[in-house]
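Scroll down for the structure; my scribbles are underneath it.
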Amino acid sequence: MTSHATDKLIARLPKAELHCHIEGTFEPELMVAIAERNGIALPYASVDDLRRAYDFADLQAFLDLYYQGMNVLQTEEDYFDLTHAYIERCVADNVVHTEIFFDPQGHTARGVPFKTVLDGIAGALKYAEARYGVTSRLILSFLRHLSEEDGFRTLKEAEPYLGHFVAVGLDSSEVGHPPSKFSRLFARCREMGLKLVCHAGEEGPPDYVREALFDLGVDRIDHGNRAMEDADLVADLARRQVPLTNCPLSNLSLCVIDRMAASPVKAQLDAGLLVTVNSDDPAYFGGYINANYRALAHALALSPDEIRQLARNSFTAAFLDPLDKVRHIEAVDAV
Ligand code: HPA
Ligand code: ZN
């Protein structure tokens, strides 16, 4: 298949996105505009200056800028505008369903009320569904560099809004903060009827993926790259069809892989794993969903069937009702 035909197929396929941090969709132009609106001085002379700073040696180097960037967000309108801008990217890339992470602790720790964050994001998502037909779910993500107790406090604040999110997740600095640090918090969330996901195996060892799977009992693994180092773990993930939300451009930007051809996605497909393609923090890593599919398809020489399988997987792995999954998968197969 020509490169043009591959790009065309990717653009035409309906897709779900399952791993995107709303704070990571904060484009420099919008950040500068909101900073101005809120009377906040950014430590950069221009949008280009800000973009030039996006050159990361590892996850922590990115996280330092990611937290600095989100400090600009203060009002419900800010959160609405941020989310609305991301949804416009979904529409452009034929993402028809998205499951979005938000990091409440990154906002409440600065004095922004949980309600302000949620009302802004949820308001934009509701508007998006009515206006564009893009459906969505929210995933409340705990920051793993903070304590489990802090997570419990956040869960308490979130309780009045339980109907607004479908799952909880775990993100931020991975090494030194294993999933088992949060086993009581995740058990409580499970009791409350929430789905569970966890970033694991991005920089952390295969054992962190194992803990997420067997100690927390997660429904999906976010990233999961390093699971590939452990054949028994790969067999477990394949047998249980636990989804992995891979993020190609993120992996490259954060030096999880040294070149796109080193992405594990082809090997994961070959091993029968339920792997999906996602953008993670697209404003920081150089592209939204279609750019991630394109980079991957070209570097790994994916066949049209493999590309279609990735789109199908995105719906199979989503927190959608079975009938909606079937409807979306039929739409993929019709392309
Ligand atoms: N890993 C961990 N934490 C994060 C990420 C990520 O890729 N993006 C936003 N927070
Ligand atoms: Zn992530």
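The values are calculated or read from the model by the stated rules, or taken from the named source; none is laboratory data. From a predicted model like this one, the values you see are computed outputs, not experimental measurements. Methodologically, a virtual Cβ is constructed for each residue, glycine included, from the backbone with ideal geometry; neighbour enumeration extends over all protein chains shown. Quick note on the areas: whole protein, heavy atoms, side chains included, nothing else; ligands and nucleic acids left out. Shrake-Rupley method; radii C 1.70, N 1.55, O 1.52, S 1.80 Å.
Some observations on this one:
- Spin-label pair GLU330/ALA109, simplified geometry with 7 Å Cα→Cβ offset, distance in nm: 4.7 nm
- Karplus 3J(HN,Hα) series, Hz, for the stretch 26-33 with 6.51 cos²θ - 1.76 cosθ + 1.60 (x for Gly, Pro): 7, 5, x, 4, 5, 4, 5, 5
- Value in Å of the Kirkwood radius, where the chain supplies the Cα pairs that are averaged: 19.9 Å
- Per residue solvent-accessible surface (Å²) - the chain, probe of 1.4 Å: 39 Å²
- Annotation: TYR208 carries an accessible surface of approximately 30 Å², with a 1.4 Å probe and no ligand, DNA or RNA atoms counted.
- Residues GLN68 and SER180, FRET efficiency given R0 of 35 Å [Cβ-Cβ distance, rounded to 0.05]: 0.75
- Each peptide among 19-27, 61-69, 299-307, 191-199 gets the average number of other Cβ atoms lying within 10 Å of its residues, and from highest to lowest they stand as 19-27, 191-199, 61-69, 299-307.
- In terms of its C-alpha gyration tensor, the stretch 44-135 has an oblate overall shape, because the principal axis ratio a/c (a ≥ b ≥ c, square roots of the eigenvalues) is not below 1.5 and a/b does not outweigh b/c.
- Cubic angstrom per residue, convex hull over Cα atoms of the stretch 203-335: 110 Å³
- Backbone geometry of the stretch 267-282 corresponds, through the Karplus equation with coefficients 6.51, -1.76 and 1.60 at θ = phi - 60°, to 3J(HN,Hα) couplings of 4, 5, 4, 4, 7, x, 7, 8, 9, 10, 10, 8, 9, 6, 9, x Hz, x marking Gly and Pro.
- Length added when fully stretched, ARG52-ASP207, from 0.36 nm per residue minus Cα-Cα: 52.3 nm
- Span from the the stretch 144-217 Cα centroid across to the the stretch 234-271 one, whole angstrom: 21 Å
- Among ARG308, ARG153, ARG210, the residue with the largest mean-square fluctuation in a Gaussian network model of the chain, with springs joining Cα atoms closer than 10 Å, is ARG153.
- Scaled radius of gyration (Cα, divided by 2.2 N^0.38 Å) that the stretch 19-92 gives: 1.09
- Protein accessible area in the stretch 103-246, 1.4 Å probe - carbon and sulfur %: 50 percent
- Sequence of VAL326, VAL335, VAL72 when ordered by accessible area, the most exposed leading, probe 1.4 angstrom: VAL326, VAL335, VAL72
- For the chain, the mean residue ellipticity at 222 nm estimated from helices alone is -14500 deg cm²/dmol, where every DSSP H run of n ≥ 4 contributes -39500 (n - 2.57) and the total is divided by all residues, rounded to the nearest 500.
- When the alpha carbon gyration tensor of the stretch 75-211 is reduced to an equivalent ellipsoid, the three semi-axes, largest first, read 26, 18, 14 Å.
- Normalised contact order of the chain, rounded percent, pairs of Cα under 8 Å and 6 or more residues apart: 21 percent
- Inter-centroid distance (Cα atoms) of the stretch 80-130 relative to the stretch 1-38, Å: 14 Å
- Approximating the spin labels as points 7 Å out from Cα along Cα→Cβ, the MET192-to-ASP321 distance works out to 2.4 nm.
- Candidate lysines for bridging to LYS266, where Cα separation is under 26 Å - those fewer than 8 sequence places away on the same chain excluded: LYS8, LYS15, LYS325
- J(HN,Hα) series, the stretch 120-137, from Karplus relation 6.51 cos²θ - 1.76 cosθ + 1.60, nearest Hz, glycine and proline x: x, 5, 5, x, 5, 5, 5, 4, 5, 5, 5, 7, 10, x, 7, 8, 7, 9
- The overall shape of the stretch 137-278 is prolate: from the C-alpha gyration tensor, with semi-axes ordered a ≥ b ≥ c, the ratio a/c is 1.5 or greater and a/b exceeds b/c.
- Label-to-label distance, GLU148 versus ASP219, with points set 7 angstrom from Cα along the beta-carbon direction: 2.2 nm.
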